[in-house]
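Read the figures in this text as sums done on the coordinates, not as results from a lab. Fair warning: this is a prediction, and the values are worked out from it, not measured in the lab. Don't worry about glycine lacking a Cβ; one is built from the backbone with ideal geometry, like all the others, and counts go over all protein chains shown.
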Amino acid sequence: KYQGLSVEEMDNIRKTNLNPALSIYYNEPFAVHQGYKQWLFDLKGKRYLDMFGGICTVSVGHCHPKITEAVTEQMKMLGHCSNVYYNEKIHQYASKLADKLPGKLKVIYFVNSGSEANDLAVLLARSFTGNSNVISLKNCYHGMTYQTMALTSNSHYKYPVPQNPGFSNVMNPDVYRGLWGGNKCRDSPVQTYRQCSCEGVCEAGEKYMEQFQEELNYNIPTNGLAAFFAESIQGVGGTVQFPKNYIKDVYSLIKNSGGLFVADEVQTGFGRTGDHFWGFEGHDIEPDIVTMAKGIGNGYPLAAVATTQEIAKSLTKAVHFNTFGGNPIGTTVGSTVLDIIEEEKLQENSKNIGTKLLLKLAQLREEFEIVGDVRGKGLMIGVEFVMDKESRRPLSPEKILKLWETCRDLGLIVGKGGYYGNVFRVKPPMCVTEEDADFTVNVLRYALYSL
Ligand code: PMP
């Protein structure tokens, strides 16, 4: 039985001792005390199905006993810095993680957060190419350190201070909200309400490519590109998928401009998209640098950057050091997470349950005028709410909040995202079942009827 601080006591401490810029979910604070598998429990012991835990780092389920056991054993042995002394854990895990990566992506740097990983990727790209310009997509999120804030393109996460120089953004090839659609080409079993008209070649993809080329022509000195950063499906941006060949075509453009391709796998990695272990594999490319965080540590602050020997060599001009990166406890967690994904066939589960859930959610689009789009891949799903299907204007924040709170009251936790905050993000721990998928759809249907 919970005997800790009450919500009121936590509220008072928050007001005086905690970061006042934290965004608080829900009207009434939602206080959680315990987690187990795909469930969360509040202070009164009420159980919620956590269909958002995957985003908040939990890939294999809350408090997985195998991780708890492995960490406990490791804590009894050693918890120290692995960057100055040898310890087997960092070595074992580096080679195990490298085995999961294709081609020449065999050198791993360990850090502690996604922002740090992307920060390091910028440094690697600039150091290797000798160029400073970095491009990312509008509507992207890559972190909140001073440098990654410039990489991120979403004003909700930007402060009115001079942004770090050398970063620019190109048009987001969003198949639902973007200028040119591209829906038919989307890499997903569900098609959107309005299909694009092109046959064969994707006209939308080609137009976005022209825009990209313009950015290179006008703003980037010849051969002056250091890197392009992209997720394979935008997460914080609202589960945004791109026209099918966009990433592959951009990849060629980047290579021709002398830049590196950085795949941000912080949300899409570790089996979440179902078909592949890494989201970029769905786009049929091999990035130069891959960044990972969140699901890699199932709730433990662990993150990594993978790259090639040639690129890594460029960082030997100085010492690159990170006190906690790759510590024995973090690498024990990471290694156990990889074992669990394999043993419990969680990537396959992402594909099976994710596809079923996507198709069931898509039925809601037929039933309700305000369900504008249902999209995603595996267990990375977005449901976009609009005023009406024709205008696609975002549903009002008040209605979104009401939907969200009804879901929570009925025991379902989902996330919110997109620039307008009108996309429900469904990204559960990968151990969810078909029953959980049905519960999610039923609760959402009830919430929509009672709006
Ligand atoms: N990249 C992506 C795609 C993310 O979603 C996030 C976090 N939302 C980050 C990077 C930054 O990760 P962190 O919060 O661990 O710094």
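Non-local amide H neighbours of K416 (under 5 Å, H modeled in plane, Pro and chain starts lacking H): which ones?
R425
So what J values fall out for the stretch 82-87 if you push phi through Karplus, 6.51 cos²θ - 1.76 cosθ + 1.60 with θ = phi - 60°, rounded to Hz, Gly and Pro as x?
Calculated HN-Hα couplings, in order: 9, 8, 10, 10, 7, 8 Hz.
For the chain, restrict the atom set to alpha-carbon positions and state the Rg and Dmax in Å.
21.6, 65
Summing -39500 (n - 2.57) over the DSSP H runs of n ≥ 4 in the chain and dividing by its residue number, what mean residue ellipticity at 222 nm do you reach, to the nearest 500 deg cm²/dmol?
That comes out to -11000 deg cm²/dmol.
From the backbone phi of the stretch 272-288, what are the Karplus-calculated ³J(HN,Hα) couplings (6.51 cos²θ - 1.76 cosθ + 1.60, θ = phi - 60°) in whole Hz, Gly and Pro given as x?
4, 7, x, 4, 9, 6, 10, x, 4, 5, x, 9, 6, 10, 10, x, 8
In debye, nearest 20, what is the charge dipole magnitude of the chain about its Cα centre with +1 on Lys and Arg Cβ and -1 on Asp and Glu Cβ, if you could check?
440 debye
Counting other Cβ atoms within 10 Å, keep those with at most 14, restrict to DSSP loop, and tell me which chymotrypsin sites (Phe, Trp or Tyr not before Pro) in the stretch 63-107 are left.
Those satisfying the criteria are Y85, Y86.
Which listed residue (M75, Y48, V426) has the Cα farthest towards the positive end of the charge dipole for the chain, taking +1 on Lys and Arg C-beta and -1 on Asp and Glu C-beta about the Cα centre?
Positive-end residue among those listed: M75.
Label-point separation (nm) for K399 and E343, each offset 7 Å from Cα along Cα-to-Cβ?
Taking the two extended label points, one gets 4.7 nm.
Which links in K248/K351; K248/K360; K138/K207 stretch past 18 Å when you go from one Cα to the other?
Over 18 Å Cα-Cα: K248/K351; K248/K360.
Under a point spin-label approximation (7 Å from Cα along Cα-to-Cβ), what is the K100-M77 distance to one decimal in nm?
1.9 nm
If I model a spin label as a point 7 Å beyond the Cα along the Cα-Cβ vector, how far apart are those points for D275 and L359 in nm?
According to this spin-label approximation, the distance is 1.6 nm.
List the lysines whose Cα lies under 17 Å from the Cα of K399, skipping any in the same chain that are fewer than 8 positions away.
Leaving aside lysines fewer than 8 places away in the same chain, those within reach of K399 are K389, K416.
Going 7 Å from the Cα of N217 toward and past its Cβ, which residues in the stretch 113-146 have a backbone nitrogen under 11 Å from where you end up?
Residues passing the 11 Å test: none.
Expressed in nm to one decimal, what extension gain is obtained for the pair F321 and L123 from 0.36 nm per residue of sequence separation less their Cα-Cα distance?
Gain on stretching F321 to L123: 70.0 nm.
Over the alpha-carbon set of the stretch 339-451, divide Rg by the Kirkwood Rh and report the Rg/Rh ratio to two decimals.
Reported Rg/Rh (Cα atoms, Kirkwood Rh): 0.99.
What does the charge count around Q267 come to, taking other residues whose C-beta lies under 11 Å from its C-beta (Lys +1, Arg +1, Asp -1, Glu -1)?
It works out to a net charge of +1.
Pull up all non-local amide H partners of Q34: gap of 5 or more, or a different chain, and H-to-H distance under 5 Å with H placed in the peptide plane.
Correct list: F41.
Could you tell me the calculated FRET efficiency between Q309 and K1, based on Cβ-Cβ distance and R0 = 45 angstrom, to the nearest 0.05?
That pair, Q309 with K1, gives E of 0.25.
Order these by the 10 Å Cβ neighbour count, fewest first: D264, D50.
Listing D264, D50 from fewest to most nearby Cβ atoms yields D50, D264.
Once amide H atoms are placed 1.01 Å from N in the peptide plane, what residues at a sequence separation of 5 or more from E231, or on another chain, have their amide H within under 5 Å of its amide H?
Counting only residues 5 or more places away or on other chains, the set is D264.
Cα centroids of the stretch 324-358 and the stretch 114-186: how far apart, whole angstrom?
If you average the Cα positions of each part, the centres end up 27 Å apart.
Given G103, N327, N172, which one lies farthest toward the positive end of the charge dipole of the chain, if we put +1 on the Cβ of every Lys and Arg and -1 on the Cβ of every Asp and Glu?
N327
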